[in-house]
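The values are calculated or read from the model by the stated rules, or taken from the named source; none is laboratory data. Treat the numbers as computed from the prediction; the structure is a model and nothing was measured. Backbone-built Cβ (ideal geometry, glycine too); neighbour counts: all protein chains shown.
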Amino acid sequence: MLAPKKVKWRKQQKGKMRGISKGATSVVFGEYGLQALSCGFVTSRQIEAARIAISRHVKRGGKLYIRIFPDKPISKKPAETRMGKGKGNPEEWVAVVRPGRVMYELEGVTEDLARQAFHLAEHKLAVQTRFLGREDLI
Amino acid sequence: MDFAKVSVELRTQSGKGPARRNRAAGKVPGVLYGHKAAPVSVTLDPAALIRSLDKDKKRNTVFALTLGGKEAPEQITAMIRDVQIHPISRRVVHIDFIRVSLDEEIKVTVPLHLTGTAVGVTNGGNLHQGWHAVPIAAKPAAIPNKIEIDITNLDVGDALHVSDLKLPVGVRLLLEGKEAIASVVAPRAEKEAEVVVAEGAVAAEGAAAPAEGAAAAAAGGDKAAAGAAAPAKKDDKKGK
């Protein structure tokens, strides 16, 4: 699973998810992309589950690009613990995804296959998504 | 040479307030610059612009912009330099036009199309396209709709480079010849991919904070389960 190699600070505050994605809003590396339409935390497990779903569906063909990285630690208090006594322990890594972010890109496969693969992947992710192609209209 | 005709209006107000009012009215703000002339703020109808685009040239269409009202219209030859598109609605938000002269070269990007099916792909390889559009310099009339390259003879491990492109007359490529355009690479087996992920996971457990935290949490959970009552009493006393 994806995780930072080392971090300066072990714990972070929750933060806010306002607005839309600052960058990575169009397909750049591949031919087709999976774009987020809502904001949310996508965990490293979800990113990995979606990657496996895509790569198993396209089998040996195509190349997959992952354009999100889980760099935010999420802490959690142990079960049956009273409040207080400091912040909980880091439990998982998440990527903060805002609307418009292209999370996955595929190249070297047909559009139908890419649509099917991304359809499987979107069920693994905690955000609403849509299929996106390269824009050549204007 | 045929030009796409679009009429644009002068825009006197700038800033996000007037720009939003323009968009609400179905117009799009834009700017026209280049050729050492002062930049001009304009508004235009995006639907009319998209209708007038050349179907083959698309973004590289040369426009004859009619600037100003009915009283003193000014004809300007221009091309699209940049288009801002809203990430979610995918509507045009802002357009940059650049003045062009038909006698001078202009830098544009032209789509690169790979034709044929590579031998390497039929043998099980994956096609990787490094450049989907290539930057060129050409006079407006000489800009090609697309650049095609045949990849039929490309086998696994082979690559086509920029130096292999055959360009039309009057077109100059703005890339170095050794840049790879397309290559066929051997597919990675699923087992291999799983091994790579497993190695990454081990490394993460050694280094990353949540992995340590998870272990600590698990240990803490066991302790809590073993002696749940006693710590609870201590907490109560401290609370009082």
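If you take the residues in segment B:107-150 that are part of a loop (DSSP other than H, G, I, E, B) and basic (Lys, Arg), which one is farthest from A:Arg60 (Cα to Cα)? Of everything passing the filter in segment B:107-150, B:Lys139 is farthest from A:Arg60 (Cα to Cα). Can you tell me which residue is surrounded by the most Cβ atoms within 10 Å (Cβ to Cβ) among those in segment B:1-18 that are under 27 Å from the mean Cα position of the chain (by Cα), assigned to a strand (DSSP E or B) and of a type in the set (A, V, I, L, M, F, W, C)? Within segment B:1-18, the match that is surrounded by the most Cβ atoms within 10 Å (Cβ to Cβ) is B:Val8. How about segment A:53-138: which strands (runs of 3 or more DSSP E) wholly inside it have at least 3 residues that are in contact with a Ser or Thr (Cβ under 7 Å, 6 or more places away or on another chain)? The strands (runs of 3 or more DSSP E) meeting that bar are A:89-97. When segment A:1-48 is filtered for residues that are buried (at least 16 other Cβ atoms within 10 Å of the Cβ), over 23 Å from A:Leu106 (Cβ atoms) and either within 9 Å of chain B (Cβ to nearest Cβ) or touching a Gly at 6+ places or on another chain (Cβ under 6 Å) (or both), the ones remaining, listed by number, are A:Ala3, A:Pro4, A:Val7, A:Lys11.
Looking across segment B:160-176, the residues that are under 17 Å from B:Gln129 (Cβ atoms) and of a type outside the set (S, T, N, Q) come down to B:Leu160, B:His161, B:Val162, B:Asp164, B:Leu165, B:Leu173, B:Leu175.
Scanning segment B:42-84 for residues that are in contact with a Leu (Cβ under 9 Å, 6 or more places away or on another chain), within 14 Å of chain A (Cβ to nearest Cβ) and aliphatic (A, V, I, L, M) yields B:Leu44, B:Ile50, B:Leu53, B:Ile80. The residue of segment A:49-58 that is nearest to B:His86 (Cα to Cα), among those that are surrounded by 14 or more Cβ atoms within 10 Å (Cβ to Cβ) and at the interface with another protein chain (Cβ under 9 Å from one of its Cβ atoms), is A:Arg51.
Being of a type in the set (Asp, Glu) and touching a strand residue (DSSP E or B) at 6+ places or on another chain (Cβ under 9 Å) is the filter; apply it to segment A:85-112 and report the residue that is farthest from the other protein chains (Cβ to nearest Cβ). Per the stated criteria, the residue is A:Glu111.
The single condition from (1) in contact with a helix residue (DSSP H, G or I) (Cβ under 6 Å, 6 or more places away or on another chain); (2) part of a strand (DSSP E or B) that B:Ile98 fails is (1). Would a scan of segment B:107-118 turn up a residue that is surrounded by fewer than 16 Cβ atoms within 10 Å (Cβ to Cβ), over 21 Å from the mean Cα position of the chain (by Cα) and among the hydroxyl-bearing types (Ser, Thr, Tyr)? Checking segment B:107-118: at least one residue is surrounded by fewer than 16 Cβ atoms within 10 Å (Cβ to Cβ), over 21 Å from the mean Cα position of the chain (by Cα) and among the hydroxyl-bearing types (Ser, Thr, Tyr). No other residue among B:Asp56, B:Asp103 is within 21 Å of B:Arg172 (Cα to Cα) and modelled with pLDDT of 90 or more apart from B:Asp103.
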